[in-house]
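Working notes, beginning with the structure itself.
The values are calculated or read from the model by the stated rules, or taken from the named source; none is laboratory data. The structure presented is a predicted model; accordingly, all values stated were derived computationally and were not measured. All Cβ positions, glycine included, derive from the backbone under ideal geometry; neighbour counts span all protein chains shown. Heavy atoms of the whole protein, side chains included, go into the accessibility calculation; ligands, DNA and RNA do not. Shrake-Rupley method; radii C 1.70, N 1.55, O 1.52, S 1.80 Å.
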2 protein chains.
Amino acid sequence: MQHSSPSRTTGRPRSAAADEAILEATRAALVDVGWSKLTMGEVATRAGVAKTTLYRRWAGKNELVVDAVAVLFDELELPDRGSLAADIEGVVLQFASLLDRPETKTALMAVVAEATRDEPLRERIRTSIVERQKRLVLVGRARAERRGELPAPADPCVAAAAADLIFDVAAGAVVHRVLVSGEPVDQEWVRRFTALLVGGLAAAAD
Amino acid sequence: MQHSSPSRTTGRPRSAAADEAILEATRAALVDVGWSKLTMGEVATRAGVAKTTLYRRWAGKNELVVDAVAVLFDELELPDRGSLAADIEGVVLQFASLLDRPETKTALMAVVAEATRDEPLRERIRTSIVERQKRLVLVGRARAERRGELPAPADPCVAAAAADLIFDVAAGAVVHRVLVSGEPVDQEWVRRFTALLVGGLAAAAD
DNA sequence: CCAGTTACGCTACGACCCGTAGCGAAAGCT
DNA sequence: AGCTTTCGCTACGGGTCGTAGCGTAACTGG
């Protein structure tokens, strides 16, 4: 009667090694053939696994790819570089180089596109990728306040809205620059963008 | 010997009505079934046209959809609302409501994703959609300078880079807000975003 | 008016991928 | 041992792809 028990005690356990092999094979296949020509059968072959095993764990291509690329985003960090501007420049460059990797480049927009007509998938993207990276904004903001570069927000509700805004602006700008405009996120561009963002934050604080 | 003559003088001419019927059918199909379940056969049926006719004019689904949605972006305008901030708020709201339409929502990210592995498609998107809308940034900037809200840039090369930056920031932020974060672009958000952008522009002018 | 040229609608086709069902074997538990 | 669940494998109907071939329609130049 206990169908979705998190850890079942009886029966043969699922191979954790197969899990990682599948995700790794998915990333490799994304590099080689891209999103549109990626098939479940190919991933299964690459991972040395039966196609049915894939369908036992993921509903389809969308969910599989989300899980395969989500872990890559956890590499992002926010080392303390001494100033708000330097911190932003650092993380933006990290994010840009992550987006330059062929597996993320071809997969990210594709799953977002699919998610426009698939609410569960949208939720999966949110919890697996988006929400996890907002931590970077919060850490950066707290650090800037500690340095006295930004005033502490009066209303915590306003603070949350501001963090969301900054996240959308930063992530959106980099994604648009790389994938839509198709031009590089180089030192020069990052410098200009950071100046714009920091200037706007300072002005909004008044 | 003149294979790709722009207007051939001999033979039966292509039906312009069929062209429009196909693009219209493509948009309608996008609304109904979305990008991933959109098939060339279905579009042909809806348009009352043979499937082979589609392939005679477009190489595939990607190119067809780009042409089908590109015209929608030409609706964007930048009416003079008296101030830089008001102008930005107006066009951002327009862009957001355009992105809310199901046909653009599901198609835009999908073709961008495909374009990451298809250079000709990337070029087609650039010339058909992206470059055409940069006019809005240039018009807004010129208007702000005429009002005295922003100084005229010294170097025209710097001015072009600044325009590209503003375009990526504005378009990217709205797209990210709507499609990735999945939250609405309401009056409140637009107000905050515009304050951030205008503040940044003013600060960068120093 | 007629021959030449091109577009159109239709049908049929092999190739591929999908997602599932059914089977026997393997791997864990009590 | 006996039970339970996963695994690899094969096979299948259903769908889409992109193309080829055919006869017909539309338009042009002689």
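Taking each residue of A:190-202 in turn, how many C-beta atoms of other protein chains fall within 10 Å of its C-beta, and what is the average? Could you put the intermediate results ahead of the total?
Working: counts 0, 0, 8, 4, 1, 4, 11, 6, 4, 11, 13, 4, 3.
Partner Cβ neighbours, averaged per residue: 5.
For chain B, the relative contact order is 21 percent, taking Cα pairs closer than 8 Å that sit 6 or more residues apart in sequence and dividing their mean separation by the residue count.
Solvent-accessible surface of protein heavy atoms, probed at 1.4 angstrom with all chains present, puts A:134, A:37 in the order A:37, A:134, largest first. The phi-based Karplus calculation (6.51 cos²θ - 1.76 cosθ + 1.60; θ = phi - 60°) puts the 3J(HN,Hα) values of segment B:104-121 at 6, 4, 7, 8, 4, 5, 5, 5, 4, 5, 4, 5, 5, 10, 8, 4, x, 5 Hz, whole numbers, x for Gly and Pro.
Step through the table entries A:134/B:37; A:61/B:134; A:105/B:134; A:37/A:134, compare each Cα-Cα distance with 26 Å, and write down the pairs that go over it. The partial results should precede the final answer.
Values: A:134/B:37 32 Å; A:61/B:134 35 Å; A:105/B:134 24 Å; A:37/A:134 32 Å.
Distance filter (> 26 Å) returns A:134/B:37; A:61/B:134; A:37/A:134.
Interface size between chain B and chain A, please: total buried accessible area, 1.4 Å probe, rounded to the nearest 100 Å².
Details: alone 11920 and 11960 Å², together 20060 Å².
Answer for the B-A pair: about 3800 Å² buried.
In order along segment B:151-162, the Karplus-derived 3J(HN,Hα) couplings, from 6.51 cos²θ - 1.76 cosθ + 1.60 at θ = phi - 60°, round to x, 5, x, 5, 9, x, 5, 5, 4, 5, 4, 5 Hz, and Gly and Pro are given as x. Full extension of the chain between residue A:188 and residue A:36 yields a length gain of 51.4 nm, computed as 0.36 nm times the residue separation minus the alpha carbon distance.
Report the equivalent ellipsoid semi-axes for the protein assembly as shown in whole Å, largest first, defined as the square roots of five times the eigenvalues of the gyration tensor built from alpha carbon atoms.
Working: eigenvalues 262, 220, 67 Å².
Working from the Cα gyration tensor, I get semi-axes of 36, 33, 18 Å.
Note on A:156-169: average number of Cβ atoms from other chains within 10 Å of each residue's Cβ is 4.
May I ask you to derive the FRET efficiency for residue A:132 and residue A:46 from their Cβ-Cβ distance with R0 = 35 Å, giving the value to the nearest 0.05? Don't skip to the answer; put the middle values down first.
Details: r = 27 Å, r/R0 = 0.77.
The pair residue A:132/residue A:46 has a calculated efficiency of 0.80.
For chain A, the alpha-carbon radius of gyration amounts to 1.20 times the rule-of-thumb value 2.2 N^0.38 Å expected for a compact globular protein. On chain B, 54 percent of the accessible area sits on carbon and sulfur atoms, based on a 1.4 Å probe. With R₀ fixed at 35 Å, the C-beta to C-beta distance from residue B:53 to residue A:18 puts the FRET efficiency at about 0.15.
Looking at segment A:30-164, the accessible area is 46 square angstrom per residue; that uses a 1.4 Å probe and ignores ligands, DNA and RNA. Counting Cβ atoms of other protein chains within 10 Å of each residue's Cβ and taking the mean over peptide A:104-111 gives 5.
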